[in-house]
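Quick notes on the structure that follows.
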Amino acid sequence: MIALALAATLASGGEMHAYRVAVSGPAGSSVTVAAQPPPGWTATFCSARLCAVGHVPVTIAATGTSYVDLHLYVAAHPTHGVVLVTARGDTLRLRV
Amino acid sequence: MNLLLSVVLLAQSTFAPLVGASQWIGPQPPAASYAGKVVVVDVFTFDCINCKHVVPELRSLRAHYSTNDLLLVGVHTPEMPSERVRANVVEALAAQQISWPVAIDNDQKLWNAYGIQYWPTQLIFDRHGKLRKTVIGEGQDADVAATVAALVAER
């Protein structure tokens, strides 16, 4: 069972938002977290190892929780929030 | 046309000397300067923490090997809007002591031509221009160092 949770808001406002997302599950398991940003937004992720646009591979730490930073930046104003989804379909919706 | 050339050369698994780069910070290496050398291409963006973490190893490699054996080139493909501004890139390179040539890839031509998906990515080419290793993400300094050492030893 993979779970996503908002761990922290790193930056919020204007054309840039950043969030830390907790990804919990069985230690050592691999999961891809992807974002479905609204039109006009771009979502990028940074894990402990790399950064990527739109999605990021995550290996769950021995503690059972790994963290990824989600950056959202905008070319046009948002109309609604962003949905994070794992490859298994687990989701987390953030209002920006 | 340049992008097409990059893609064609990549399909042959040989090194295209960053023909899609529209701008450089530092002197653009002439195409002939790649010949006979191991080439490490570091694809990064300046505000990416993972990218910053690989810089010391790159600096170490550059110091360790002769310029006749190793050519290190950066490709700056921006993530955030602020990373698209040349002046910001110049300032960040100075702060991070990145003194090797860096191609500006604001339009992602090189990113797409090389099929990059992640920051940082290091492409390591042998002396014949063949791509021999793609290293994705930080924390693999030993692998990068070992690959470069093995390729430099090849004659």
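The values are calculated or read from the model by the stated rules, or taken from the named source; none is laboratory data. Note that the structure is predicted; figures quoted are calculated from it, not measured. Virtual Cβ from ideal backbone geometry, glycine too; neighbours counted across all protein chains shown.
Looking only at the range A:60-96, filter to residues that are of a type in the set (S, T, Y), at pLDDT below 95 and surrounded by fewer than 16 Cβ atoms within 10 Å (Cβ to Cβ); which one of those is farthest from the chain's Cα centre (by Cα)? I'd like the intermediate steps shown before the answer.
Within the range A:60-96, the subset of a type in the set (S, T, Y) is A:63, A:65-67, A:73, A:79, A:86, A:91.
Okay, now just the ones that are also at pLDDT below 95, so A:73, A:79, A:86, A:91.
Cutting the leftovers down to surrounded by fewer than 16 Cβ atoms within 10 Å (Cβ to Cβ) gives us A:79, A:91.
Details: A:T79: 19, A:T91: 10 Å.
Among those residues, the one meeting the criterion is A:T79.
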Q) Considering only residues of the range B:105-134 that are away from every other protein chain (no Cβ under 14 Å) and small (G, A, S), which is nearest to A:A48 (Cα to Cα)? A) B:A113
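Could you please give the count of residues in the range B:78-131 that are in contact (Cβ under 8 Å) with a residue 60 or more places away in the chain and of a type in the set (S, T, N, Q)? Give the derivation first.
Initial filter on the range B:78-131 (in contact (Cβ under 8 Å) with a residue 60 or more places away in the chain): B:86, B:89-90, B:93, B:99-107, B:109-116, B:119-131.
Going one step further and asking which of them are of a type in the set (S, T, N, Q), we end up with B:99, B:106, B:112, B:121-122.
Residues in the range B:78-131 being in contact (Cβ under 8 Å) with a residue 60 or more places away in the chain and of a type in the set (S, T, N, Q): 5 in total.
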Q.
I want to confirm something. Restricting to the range A:23-48 and keeping residues that are crowded, with 19+ Cβ neighbours inside 10 Å and assigned to a loop (DSSP other than H, G, I, E, B), which single residue is modelled with the lowest pLDDT?
A. A:P37
Q) Which members of the range A:43-60 meet the condition of being more than 9 Å from chain B (Cβ to nearest Cβ) and among the polar types (S, T, N, Q)? A) A:T59
**Q.** Residue, nearest to the other protein chains (Cβ to nearest Cβ), within the range B:24-52, restricted to residues that are more than 17 Å from B:V89 (Cα to Cα) and over 13 Å from the mean Cα position of the chain (by Cα)
**A.** B:K37
Q) B:R155 passes all but one of (1) at pLDDT below 95; (2) in a helix (DSSP H, G or I); (3) under 16 Å from B:A35 (Cα atoms); which number fails? A) (2)
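Yes/no matrix, rows are residues, columns are (1) at pLDDT below 95; (2) under 26 Å from A:H55 (Cα atoms):
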{"residue": "B:S60", "(1), (2)": "no, no"}
{"residue": "B:H64", "(1), (2)": "no, no"}
{"residue": "B:T67", "(1), (2)": "yes, no"}
{"residue": "B:E83", "(1), (2)": "yes, yes"}
{"residue": "B:A95", "(1), (2)": "no, no"}
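I'm trying to understand the selection: among the residues of the range A:49-74, which are part of a loop (DSSP other than H, G, I, E, B) and either closer than 14 Å to A:A8 by Cβ or among the polar types (S, T, N, Q) (or both)?
Restricting attention to the range A:49-74, the residues satisfying the condition of being part of a loop (DSSP other than H, G, I, E, B) are A:49-50, A:54, A:60-64.
A:T63 - this is the single residue of the range A:49-74 that is part of a loop (DSSP other than H, G, I, E, B) and either closer than 14 Å to A:A8 by Cβ or among the polar types (S, T, N, Q) (or both).
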Q. Which condition does B:S13 not pass, out of (1) at pLDDT 95 or above; (2) in contact with a strand residue (DSSP E or B) (Cβ under 9 Å, 6 or more places away or on another chain); (3) among the polar types (S, T, N, Q), if it passes all the others?
A. (1)
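Look through the range B:43-77, keep the residues that are of a type in the set (F, W, Y) and farther than 16 Å from B:T134 by Cα, and return whichever of them is surrounded by the most Cβ atoms within 10 Å (Cβ to Cβ).
The first filter runs over the range B:43-77 and keeps only residues of a type in the set (F, W, Y), leaving B:44, B:46, B:65.
Those still in the list that are farther than 16 Å from B:T134 by Cα too: B:46, B:65.
Values: B:F46: 23, B:Y65: 18.
Filtering the range B:43-77 for residues that are of a type in the set (F, W, Y) and farther than 16 Å from B:T134 by Cα, the one surrounded by the most Cβ atoms within 10 Å (Cβ to Cβ) comes out as B:F46.
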Q.
Criterion first (of a type in the set (D, E, K, R), free of Cβ contacts under 8 Å to residues at least 24 places away in the same chain and more than 14 Å from chain A (Cβ to nearest Cβ)) does B:E154 satisfy it?
A. no
